[in-house]
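Taken together, the values in this text are just the output of simple stated rules run on the coordinates, not laboratory data. The structure displayed is predicted, hence computed values, not measured ones. All Cβ positions, even for glycine, are placed from backbone atoms using ideal geometry, and neighbour counts span all protein chains on display.
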Amino acid sequence: MSNDKYVSPLCERYASKEMQYIFSPDMKFKTWRKLWIALAETEYELGLSENGKPVITKEQIDELKAHAEDINYDVAKEREKLVRHDVMSHVYAYGQQCPNAAGIIHLGATSCYVGDNTDVIVMTEAMKLVRKKLVNVINELAKFADRYKDLPTLAFTHFQPAQPTTVGKRATLWIQELLLDLSDLEYMIGQQKLLGSKGTTGTQASFLELFNGDHETIRKIDGMIAKKMGFEECYPVSGQTYSRKVDTRILNVLSGIAQSAHKFSNDIRLLQHLKQIEEPFEKNQIGSSAMAYKRNPMRSERIASLANYVMVDALNPAITAATQWFERTLDDSANKRISVPEAFLAIDGILDLYLNVVDGLVVYDKVIYQSFMKEIPFMATENIMMDAVKRGGNRQELHERIRELSMKAGAAVKQEGKENPLVDFIAADPAFGMTKEEITAILEPKNFVGRAPWQTAEFLAEVVQPILDANKDVLGMTAEINV
C-alpha cells in the first residue's frame, strides 16, 4: 500500500472485500463488456442487416465473448489520456482484442447504455449483499432475544426507570426496526429495472435508423437486453439516463438501516454505562491511551459514526435528482460515483459491526437484578398497598402513608447515598401489618414484566422465524472487524 496518497477508510477499515469488489473497476468494466455482448446478440437475433446482409455475425459475438473477462486495462488507460472519454477508451481497448468485432461494439448505443445499466446491476448486487447481512443480524438478535426473554430488567422512558420489561423483549424492538428495513430493501430489490438502450435522449432514434424504421422490432430490444442481463424489464421511458430518483430511493433504504443500527448502538452504549450489558472486548484490546482500566464501547460508537455518515450521504442523490435538467446533465456524475458506493460500503461496515457486537454481547444478570431491586420498591407500592387493604387497612390512609414513606426513602437514596430503605420503612409501619419477608415476596421481578416473555416468544415464532426459515440458505455468517 502506498502511504503518500489518500486512501478511503471505508476500504481500509470498514467495508468487506465482497462489497468492495461489487464497486470495483473490475466489476464495472466486466459488466460493460457483458452489456456490449448483450446488445450485439440482441441486434443479431433481431436480424439487423444491410442490403440483405447481416451487420453482425455469430463469429463476431463469439470473439467478444472470448475476451469478456481478460480486460486490457493498460490499453484503455492510455487511450483515455488521449480521448478523455472512459467509454470510448474501453470500446477501443475491447476492439483491439476483438479486431473482427471492433466495428460493431456499442452499435447504436450511448455512453449511458453501459454506464447506467451497470450502475443498476451493481446497486442490485450490493443490495442483495446488504440483505444477506441484514438477515444474519436479525437471526443473531433473535437468538439473543430468545435466550433472555425471561430475564427481568428495568425499562426506561426518558432514560428514567419505568415499568419493567425483559432483556429479550427489548431486543425484539431492535429486531422489529430491522424487519421494517428488510421489507423496504426487498421491495427496492424487486423494483430494479435496467435503463435498456434508448439512445442519447431516450428516443431510440439511432435504432430507428439501424432497423429502417421497424418500430415493432425496436420495441423488443430493451426486453431482450434485460433478460440477458438477468432482469425482468427496463424502464419504459427515459431521457439519456434512468431517473436519478432511483438512486435516491435506494439510499433512503440504506439510511433507514443506518437509523436502526444507530438506535441499537445508542442502547448498547447506555447499557454498558450502566454495567448491565457490554459489547465484546478482546483480550488485548486497549480502551483508552490514558485510562488503562477503560472498556469503551468502540464498536457501537463506530456503528453510530458510520450511521451518521450514511444518513447525511442520502441527501446527495436527493439533491442530484432534484437538480437534473431535461433529458440529462452531467453534474450527477462526480457526486454519484462517490455518494452511492460509499453509502453501500458504510452500510456494509455497519452490518458487520452489528453482527459482531450481537454475537458477543455480555449480559451481567446480577447487575441487572441489583439495579432492578433498587427501583422496584417504588414501582411495587400499589401492589403492597392492595395487599395491605386486603388485610383490613384503609386504602386512602395507606396511600398517604406510602406517599410519605416514598418521599423519605427517595431522600435517603438521593441525598444520603443509601440503599433504598422503603421496604424497611413499610415493614416497620403498623398501618400495613406486613413483615419484611412478605413485602419482599411481592417484589419478585417476574411479577412486574407483564406479558414481555410471552410477547417475545410469540414475536419470534410468528413473525421472525418464518423470515429466517425462508432465508436459511444465507444464515450462518460471522463478521470480523479490521480494527
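If one takes the longest principal axis of the Cα atoms in the chain, at what angle in degrees, from 0 to 90 and to the nearest 10, does the Cα axis of helix 245-273 lie?
With rounding to tens, the tilt is 30 degrees.
At q = 0.06, 0.09, 0.10 Å⁻¹, what is the log10 ratio I(q)/I(0) for the chain, with the Debye formula run over Cα points and no solvent?
Debye output, listed in q order: -0.43, -0.76, -0.86.
Could you work out how far the C-alpha centroid of the stretch 21-39 sits from that of the stretch 381-443, in angstrom?
Cα centroid to Cα centroid, the span is 73 Å.
Provide the net charge surrounding GLY393, with neighbours chosen by a C-beta distance below 14 Å and charges set as Lys +1, Arg +1, Asp -1, Glu -1.
-2
Cβ under 13 Å from LEU10's Cβ, LEU10 left aside: what net charge do those residues give with Lys, Arg +1 and Asp, Glu -1? Present the calculation step by step, with values, prior to reporting the outcome.
On the way: positive: ARG13, LYS17, ARG302; negative: GLU12, ASP313, GLU342, ASP348, ASP352.
After counting each charged neighbour, the total is -2.
Give the dimensionless ratio obtained when the Cα radius of gyration of the stretch 385-483 is divided by 2.2 N^0.38 Å. Let's see the in-between values first.
Values: Rg = 23.3 Å, N = 99, 2.2 N^0.38 = 12.6 Å.
Taking N as the residue count of the stretch 385-483, the ratio is 1.85.
Suppose we keep just the alpha-carbon trace of the stretch 308-389; what are its Rg and Dmax in angstrom?
Reported Rg and Dmax, both Å: 25.9, 78.
Expressed as a fraction of 2.2 N^0.38 Å, the rule-of-thumb size for a compact globular protein of N residues, what is the C-alpha radius of gyration of the stretch 322-460?
Cα Rg divided by the expected 2.2 N^0.38 Å: 1.92.
Helix 25-45 against the longest principal axis of the chain: what's the angle in degrees, Cα atoms only, rounded to the nearest 10?
50
If you place +1 on the Cβ of every Lys and Arg and -1 on the Cβ of every Asp and Glu, how big does the dipole about the Cα centre of the stretch 381-442 come out, in debye to the nearest 20?
Details: 9 positive and 11 negative charges, 22 e Å.
Charge dipole, the stretch 381-442, about its Cα centre: 100 debye, nearest 20.
Which value does Rg/Rh take for the stretch 22-104 over its C-alpha atoms, Rh per Kirkwood?
1.01
If Rh is defined by the Kirkwood formula over all Cα pairs and Rg also comes from Cα, what ratio Rg/Rh do you get for the stretch 381-442?
Radius of gyration over Kirkwood radius for the stretch 381-442 works out to 0.97.
What does the charge count around VAL75 come to, taking other residues whose C-beta lies under 14 Å from its C-beta (Lys +1, Arg +1, Asp -1, Glu -1)?
Local charge sum for VAL75: -1.
At 37 °C and 0.692 mPa s, what whole-number value in µm²/s does Stokes-Einstein give for the translational diffusion of the stretch 170-314, with Rh from the Kirkwood sum over Cα pairs?
Diffusion coefficient, whole number: 171 µm²/s.
Based on Cβ point charges of +1 for Lys and Arg and -1 for Asp and Glu, what charge dipole magnitude is obtained for the stretch 22-104 about its Cα centre, in debye rounded to the nearest 20?
Dipole of the stretch 22-104, to the nearest 20 debye: 240 debye.
Mean residue ellipticity at 222 nm from the helices of the chain, using -39,500 (n - 2.57) per DSSP H segment of n ≥ 4 over the full residue count, to the nearest 500 deg cm²/dmol?
Helices in the chain give a 222 nm mean residue ellipticity of -19500 deg cm²/dmol.
In degrees from 0 to 90, rounded to the nearest 10, what is the angle of the helix 381-390 Cα long axis to the longest principal axis of the chain?
The angle comes out near 40 degrees.
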